[in-house]
Amino acid sequence: MDTSALKQASIELMARADCALLTTIGSDGYPHTRALFNLRNTDAFPRQAKVLAPHDRELRAYFSTNTSSTKVREIASNPRVAVYYCDPQHIHGLMLRGDIEAVEDRAIKEALWNDGWERYYPKGPGDPDYCVLCLRPSLASGWHRGAPFAFDPRAA
């Protein structure tokens, strides 16, 4: 399968995966993995998925979390992460690897805000504990249609 088709299959997987698994490197040097809302899931987050659609070709991923979380502290120390999306029924997995950063742009934070998140961030999108993370991956790899794959999402 050519890179263009693999990239399209990856975009489609990101649009349907129930969650995204983010792995950071902990202060002890070991990987630390946790599940996050998949803001690209078109069923669960239709408005956010539309906001993120212009970033499909580069497989850019955004996540919301608490500024006070362990993952944000780990990212501040080491921004190298991996994010994994999967569809076990179709034996399709996608790992995105690269550096992740906290986004300070208020417009992006508001665009990705979801009604009901006040339970996590009582002050709304301006809550200082509301953090948006952005991954611009340098590697996409995984398994699709019975074969492993790897490509640089920044190319082509």
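The values are calculated or read from the model by the stated rules, or taken from the named source; none is laboratory data. No experiment lies behind these values; they were computed from the predicted model shown. Neighbour counts run over all protein chains shown; Cβ positions are idealised from the backbone, glycine included. Keep in mind that these areas ignore ligands, DNA and RNA; they rest on the heavy atoms of the full protein, side chains included. Shrake-Rupley method; radii C 1.70, N 1.55, O 1.52, S 1.80 Å.
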- Message: I'd like the full set of residues that are assigned to a strand (DSSP E or B) and open to solvent by 90 Å² or more (accessible area, probe 1.4 Å), limited to region 60-83.
- Response: R80
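So that you can scan it fast, the table gives a plain yes or no per residue for (1) open to solvent by 30 Å² or more (accessible area, probe 1.4 Å); (2) of a type outside the set (S, T, Y); (3) touching a His at 6+ places or on another chain (Cβ under 7 Å); (4) at pLDDT below 95:
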site	(1), (2), (3), (4)
D115	yes, yes, no, yes
Y130	no, no, no, no
L133	no, yes, no, no
A140	no, yes, no, no
W143	yes, yes, yes, no
R154	yes, yes, no, yes
- Mind checking whether some residue in region 87-96 is of a type in the set (V, I, T) and assigned to a strand (DSSP E or B)? no
- Query: Counting only residues that are in contact (Cβ under 8 Å) with a residue 40 or more places away in the chain and of a type in the set (D, E), which one in region 58-99 is nearest to A17 (Cα to Cα)?
  - Reply: D87
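So, of the residues in region 32-52 that are polar (S, T, N, Q) and not in a strand (DSSP E or B), which turns out to be surrounded by the most Cβ atoms within 10 Å (Cβ to Cβ)?
Among those that are polar (S, T, N, Q) and not in a strand (DSSP E or B), it is N38.
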